[in-house]
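S.K.: Dumping the structure here so I can ask a few things about it.
The values are calculated or read from the model by the stated rules, or taken from the named source; none is laboratory data. The structure displayed is predicted, hence computed values, not measured ones. For neighbour counting, all protein chains shown are included, and Cβ atoms are generated from backbone atoms with ideal geometry for every residue, glycine included. We work out accessible area using only protein heavy atoms, side chains counted, and drop any ligands, DNA or RNA first. Shrake-Rupley method; radii C 1.70, N 1.55, O 1.52, S 1.80 Å.
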Amino acid sequence: MNIVRGLMNPFAGLRSIALTLLVVGVLCPLQAMSQVPPRFYWKTLSGANAVPLIVTSMTGNTNPFDAAHTITPGAEFEGTLALAGYARTFTLFDRSAMAAVLLPMGRISGDVITPLGEPVSQSVSGFGDPTVEFNLNLIGPKPQKSIPDVLRYEPGFSLDVIADLAIPIGEYDSSQPLNVGQNRWYGRIGFPVVWQLGAWVPGRRTTLEFLPAVWLFGDNTDYVGKTLETDPLFQIDAHLTRDFTQHFWGSLDAAWYNGAEATVDGGKGEELDNYGFGLTLGYQINDNLGLTFSYKSTASDQAPDDLQLDVFMISLVSGWHPIIEGSKRLKGE
Amino acid sequence: MQRLTHQLDGRPDRFGRFCKGLGIVGAVAALAAPALALAQSAAPPKRPNIVVILGDDMGFSDMGAFGGEINTPNLDSLAKEGVRFANFYTHASCSPTRSMFLSGVDTHLNGLGNMSEFTAPNQMGLDGYEGNLNDRVATLPQLLKDAGYHTYMVGKWHLGKEPNQIPAARGFERDFTLLDGMGSYWDDWNFSAANPRSLYTEDGRYLRSLPKDFYATKTYTDKLIGYIDANRGTGKPFFAFVSHQAPHEPYHLPKEWRSRHVGAYDKGWDALRQERLKRQIEMGIVPAGTELAERMWFVPDSTLLAPAARALMGKKMEIYAGMVENLDHHVGRLIDHLKKIGEYDNTIFIVFGDNGAEGNDLYELIAGSPGSRDFLFAAMHWSRNHPNAWGDPGSWLAYGPAWAQVSMTPFSQYKAWLAEGGIRNALIVSGPGVKRPAGSINTQGTMHVADIMPTLLEVAGTSYPKTYKGKDLPPALGKSWVPVLEGRAESPRTDQDVLAWEIFGNRAVRQGSWKLRWQWRPLGKGDWELFDLAADPGELKDLAAERPDKLKEMVALWDDYVRTNNVVLPNRSPHEALEKALPQRVPVQAGYPPLNLKRQYVPPKDMLAEPKP
């Protein structure tokens, strides 16, 4: 009898639901462009792991390895940036938490103006400054300590605090202005907000996300023989994200940068006051792999001292959790 | 006296005029009193309104008044003011029950010898197997209407869709009706490609579309309140059949009702059945010592489930509970309105579920196999089945056999079967005419849904006729509850009276506390089983082998039922291949096998040691 066929396995599909929910949040990568992609601060099961692999192609008048977005008027850089990292979710003070480390690497080339005002063509490559990030949820759903918690997760309105710190051990050549390492400590304090709009059903999820943050920069005391100081950078990222299907989503992205006035041996540079816009498309390939594609570009950037940046980014993130992997082994997958 | 005489002699003064006036008044009063008394005795007493509330697939133990943990204050208030019956029988599925309620006649005579969805080849075209309420029976609303009642219906009909079969043609003056047996609560999507749209009528006209802001349970209540108010000025009582779709699957529920019990059911079905049984015993719904029926053998021990499985399965029950609570809320709106307009105290309420809780999964039937037509239909219209979407339009949720057994605590099995879990349901009667102690529980009376017809006709001051519009009527199956409601009797039946059922080839007979049952394998034995319900309400012990004398006696009653009620056993049944579809049936005993129930052994501390080098 058909109407009782379902009794045979009343739990069919349970694992795939759990899997789907597990990987949603953790697969979005941290990136070193000082812009956090949409859906990064969604929460997932404590104990989940993720390894992001990110490839970025950019052009602009700022060094993509430089979170301060220090403008080099008239310069045009082209760069390819790759990021590899590791993130892990856990519970701290009965709140959701995450720690991540990212190592940027890549190459960049272009014409730069030296502090002496001379145009120089440069090409550099190597490892950048590794970044560690710590995130803790302050307001919002309880941590997901078990799969039932994952099943019941809805962000509603959630507020986190994040702290990033870049460690100045990347490759740096003090004789040239363009480097992948920044030769100074820098970091960020921010308060990510995720605001759920409507139902929390895969295929129909909509969020409005904000990340107000301030970047703080130490001094680079060996910047082509000079000292580079940078004022704090205030930045707000905003994303309106929406599922198209259960596995396919998109986001309209915007960012505002203000501050980060650079001073080189007392000579002041320009203060940033720029907007950027972009879009992101995300697709969850399977239970372990997520793919995103994004493009971002600064707006109102015709003046030489405006921030000019456009970036293509593709990210592939692998996520896993021991429970899920064990279940798959038992199923012979 | 002299003065008085004087006055009467025609010399009226002021006092005299007063006394004369008194005398006239007195004389008039004396003359008028008997006439007034006569007039009062001749005027028909004010007859009560009647509201019959049906919860579609609502289980025996779901309401708080029957041991459920679900929050049903409004239904419970009716129980508190009235009387509960713990021995009330319906049929095992919806349209057969509704047909008996509305006609008072056995299903094999009234057209529902089988559900229209499952009419067997050998039943096609036979009288009594039309699949709709046939024209050889009179209906309760027809007879009440003839007796001077307004007659209203809202909700699910499932007794025929043709113009001569719809509620307006069967005695309801006003109706807002879902003609199908199920469908979306949010819109008019139905469940199969062949029948994609639910059909609704309003006052006898087929609706092209549904009202704005339609949600079945709410809209049905709104409509009924409107009907009641529209005819208040006529002075006539009303009969309202509130045939709620809720809590039948798919569990469609406004979002604000879905999250009231998050995690509450993670404890699992076994624990919940125990809790409900405990409350039922404390309340007196079932006697002390009642044993729970066996858990279905293909349902796992809920304590062995992983937390995720418990959470996911528990969420199904959370939403089902929300369905029942939402139903109760709208019943409360109706009650409040009747109180507001002053009709509540003159209204009889009858509340019951139409059959056992639904343990089958119709979604499987709908979705079928990939590549089938209905699979594509389900993919388009019924695939919003992420747990967070449960309750939304386009979702399909049913709670399955494990929770259905909870809803039918303490009984065995569920809807579509003739175990007690398929046909025993909760019954509440309250209002004028109920003279039993408020809040009392009757466990002695063997009540049947067909009894409602003669009961309400008696309440309305009429009776079941032998003919209707020139046609002879089949005999009424039921017996009036009036003596029971008035406390003059404990049961409308004697121990010799017989009740019998047949649907899909499953058969049952009850006489006194004995029950004879034949069911398709593997839920039955494909043979007669015999139970003593007084000692074994959970139908755990088949006495067929021990009591061949009683078995023979009961089989004879079955044969008699077949002869007198036009029973044609189906040559095809939806249950016919079930034995091959389900796992092999094995007894389910708590604690067996102990294999994965054994706890870690902890040795004595003083015997612990590190390994020697």
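S.K.: On the accessible surface of the protein assembly as shown, probed at 1.4 Å, how many percent belong to carbon and sulfur atoms?
M.R.: Working: 22180 of 38870 Å².
On the protein assembly as shown, the fraction of accessible area on carbon and sulfur atoms equals 57 percent.
S.K.: A further question follows. So which helices of chain B fit the span-like rule, where a helix is a whole DSSP H run, its Cα atoms reach 15 Å or more along the axis, and its mean Kyte-Doolittle is at least 0.5?
M.R.: Helices meeting the span and hydropathy rule in chain B are B:14-42.
S.K.: As I understand it, the value is the acute angle between the Cα axis of helix A:14-26 and the longest principal axis of the Cα atoms of chain A; what does it come to in degrees, rounded to 10?
M.R.: 10 degrees
S.K.: Further question: Per the Cauchy relation, a quarter of the hull surface: what is the mean projected area of the convex hull of the alpha carbons in the protein assembly as shown, in nm²?
M.R.: Result: a mean projected hull area of 64.9 nm².
S.K.: Given a 1.4 Å probe and no ligands, DNA or RNA in the count, how much accessible surface is buried by B and A, both sides, to the nearest 100 Å²?
M.R.: 2700 Å²
S.K.: Diagonalise the Cα gyration tensor of chain A and give the resulting equivalent ellipsoid semi-axes, square root of 5 times each eigenvalue, largest first, whole Å.
M.R.: Three semi-axes, in Å: 40, 18, 18.
S.K.: Report the local net charge at B:Val567: Lys and Arg +1, Asp and Glu -1, summed over other residues whose C-beta lies under 13 Å from its C-beta.
M.R.: Every neighbour counted, the sum reads -3.
S.K.: Taking the simple approach of a point 7 Å from Cα along Cα-to-Cβ for both B:Glu294 and B:His337, what is their distance in nm?
M.R.: About 4.8 nm, to one decimal.
S.K.: Follow-up. Binning at 10 angstrom from zero up to the longest distance, how are the C-alpha pair distances of the stretch B:457-613 distributed in percent?
M.R.: 8, 23, 25, 18, 10, 6, 5, 3, 1, 1, 0
S.K.: Roughly how many nanometres apart are two label points built 7 Å out from the Cα toward the Cβ at B:Lys80 and B:Asp135?
M.R.: Here the modelled spin labels are 4.9 nm apart.
S.K.: If you don't mind, another one. Given A:Gly267, B:Leu304, A:Pro232, which one lies farthest toward the positive end of the charge dipole of the protein assembly as shown, if we put +1 on the Cβ of every Lys and Arg and -1 on the Cβ of every Asp and Glu?
M.R.: So the residue furthest toward the plus end is B:Leu304.
S.K.: Separate question: So what is the orientation-averaged projected area of the stretch B:259-337, using the convex hull of its C-alpha atoms, in nm²?
M.R.: In nm², the orientation-averaged hull projection of the stretch B:259-337 is 6.8.
S.K.: Under 13 Å from a point placed 7 Å out from the Cα of B:Ala438 along the Cα-to-Cβ direction: which residues of the stretch B:331-345 have their backbone N that close?
M.R.: So the set is B:345.
S.K.: Oh, and also: Among B:Met447, A:Ala82, B:Ser369, whose Cα sits farthest toward the positive end of the charge dipole of the protein assembly as shown (+1 at Cβ of Lys/Arg, -1 at Cβ of Asp/Glu, about the Cα centre)?
M.R.: Projecting each Cα onto the dipole axis, the largest value belongs to B:Met447.
S.K.: How much net charge surrounds A:Asp160 when only the other residues with a Cβ under 12 Å from the Cβ of A:Asp160 are counted, with Lys and Arg +1 and Asp and Glu -1?
M.R.: Taking every other residue near A:Asp160 into account, the sum is 0.
S.K.: P(r) tail for the stretch A:106-211, what percent of Cα pairs lie past 25 Å? Present the calculation step by step, with values, prior to reporting the outcome.
M.R.: Working: 2725 of 5565 pairs.
Everything past 25 Å amounts to 49 percent.
S.K.: Something else about it: Can you give the FRET efficiency for B:Thr234 and A:Glu270, using 1/(1 + (r/R0)^6), R0 = 56 Å, r = Cβ-Cβ distance, to the nearest 0.05?
M.R.: For R0 = 56 Å, the calculated efficiency reads 0.10.
S.K.: Would you jot down the residues in the stretch B:264-304 that end up with at least 10 Å² less accessible area in the complete protein assembly than in the chain alone, with a 1.4 Å probe?
M.R.: B:Asp266, B:Phe298, B:Pro300
S.K.: Another question, then. Between B:Lys612 and B:Glu275, what is the label-point separation in nm under the 7 Å Cα-to-beta-carbon projection?
M.R.: Reported label-point gap for B:Glu275 and B:Lys612 is 5.4 nm.
S.K.: Moving to a separate point now. Could you run the Debye sum over the Cα atoms of the stretch A:276-333, one equal point scatterer each and no solvent, and tell me log10 of I(q)/I(0) at q = 0.16, 0.19, 0.22 Å⁻¹, two decimals?
M.R.: Debye intensities relative to I(0), on a log10 scale: -0.64, -0.75, -0.86.
S.K.: Using a 1.4 Å probe, what is the accessible area per residue for the stretch A:16-330, in Å²? Intermediate results must be reported in sequence, preceding the final value.
M.R.: Working: 12370 Å² over 315 residues.
Per residue, the stretch A:16-330 has an accessible area of 39 Å².
S.K.: Using a cut-off of 13 Å between beta-carbons, work out the net charge of the residues near B:Pro474 (Lys and Arg +1, Asp and Glu -1, B:Pro474 not included).
M.R.: -1
S.K.: Just tell me the longest site-free run in chain B, where the sites are GluC sites (Glu not before Pro) in a DSSP loop having at most 14 other beta-carbon atoms within 10 Å.
M.R.: Longest run free of exposed loop sites: B:1-290.
S.K.: Given R₀ = 56 Å, what would the calculated FRET efficiency be for B:Lys469 paired with B:Asp549, taking r from the Cβ atoms and rounding to 0.05? Please list the in-between numbers first.
M.R.: Values: r = 47 Å, r/R0 = 0.83.
Taking R0 as 56 Å, the efficiency between B:Lys469 and B:Asp549 is 0.75.
S.K.: If you project the alpha carbons of the stretch A:61-119 onto their three principal axes, what span does each projection cover, largest first, in Å?
M.R.: Result for the stretch A:61-119: principal-axis Cα extents of 55, 20, 14 Å.
S.K.: Given +1 on the Cβ of Lys and Arg, -1 on the Cβ of Asp and Glu, and no further charges, what dipole in debye does the stretch B:49-493 carry about its Cα centre, rounded to the nearest 20?
M.R.: For the stretch B:49-493, the charge dipole is close to 560 debye.
S.K.: Okay, next question. Of B:Ala264, B:Leu253, B:Ala389, whose Cα points farthest to the positive end of the dipole of the stretch B:49-493 (charges on the beta-carbon: +1 Lys, Arg; -1 Asp, Glu; origin at the Cα centre)?
M.R.: B:Leu253
S.K.: In the stretch B:437-517, which trypsin sites (Lys or Arg not before Pro) are in a loop and have at most 11 other Cβ atoms within 10 Å, using DSSP for the loop call?
M.R.: B:Lys466, B:Lys469, B:Arg488
S.K.: Estimate the FRET efficiency between A:Asn49 and B:Glu576 by the formula 1/(1 + (r/R0)^6), using the beta-carbon distance for r and 60 Å for R0, to the nearest 0.05.
M.R.: 0.70
S.K.: On to the next question. Using the scaling law 2.2 N^0.38 Å as the reference, what is the normalised Cα Rg of the stretch B:425-495?
M.R.: Working: Rg = 13.3 Å, N = 71, 2.2 N^0.38 = 11.1 Å.
Compactness ratio reported: 1.20.
S.K.: Inside 10 Å of the C-beta atoms of A:197-203, what's the mean count of C-beta atoms belonging to other chains? Walk me through the numbers before you get to the answer.
M.R.: Working: counts 0, 1, 7, 3, 9, 4, 5.
Mean number of neighbouring Cβ atoms from other chains: 4.
S.K.: Step through the table entries B:Lys479/B:Lys541; B:Lys80/B:Lys339; A:Lys142/A:Lys296; B:Lys46/B:Lys471; A:Lys145/B:Lys316, compare each Cα-Cα distance with 24 Å, and write down the pairs that go over it. Walk me through the numbers before you get to the answer.
M.R.: On the way: B:Lys479/B:Lys541 30 Å; B:Lys80/B:Lys339 16 Å; A:Lys142/A:Lys296 33 Å; B:Lys46/B:Lys471 31 Å; A:Lys145/B:Lys316 21 Å.
Pairs exceeding the cut-off: B:Lys479/B:Lys541; A:Lys142/A:Lys296; B:Lys46/B:Lys471.
S.K.: With no solvent and one point on each alpha carbon, what is the Debye value of log10 I(q)/I(0) for the stretch B:374-432 at q = 0.15, 0.21, 0.31 Å⁻¹?
M.R.: Debye intensities relative to I(0), on a log10 scale: -0.67, -0.82, -1.13.
S.K.: Where does chain B land on the Kirkwood hydrodynamic radius, alpha-carbon pairs, in angstrom?
M.R.: Result for chain B stands at 26.2 Å.
S.K.: Which parts of the stretch B:280-315 would a label at B:Lys598 reach, counting a residue when its backbone N lies under 14 Å from a point 7 Å out along Cα-to-Cβ?
M.R.: none
S.K.: Could you tell me, in Å, what Rg and Dmax come out for the Cα atoms of the stretch B:292-449?
M.R.: Cα-based Rg and Dmax for the stretch B:292-449 come out at 19.5, 60 Å.
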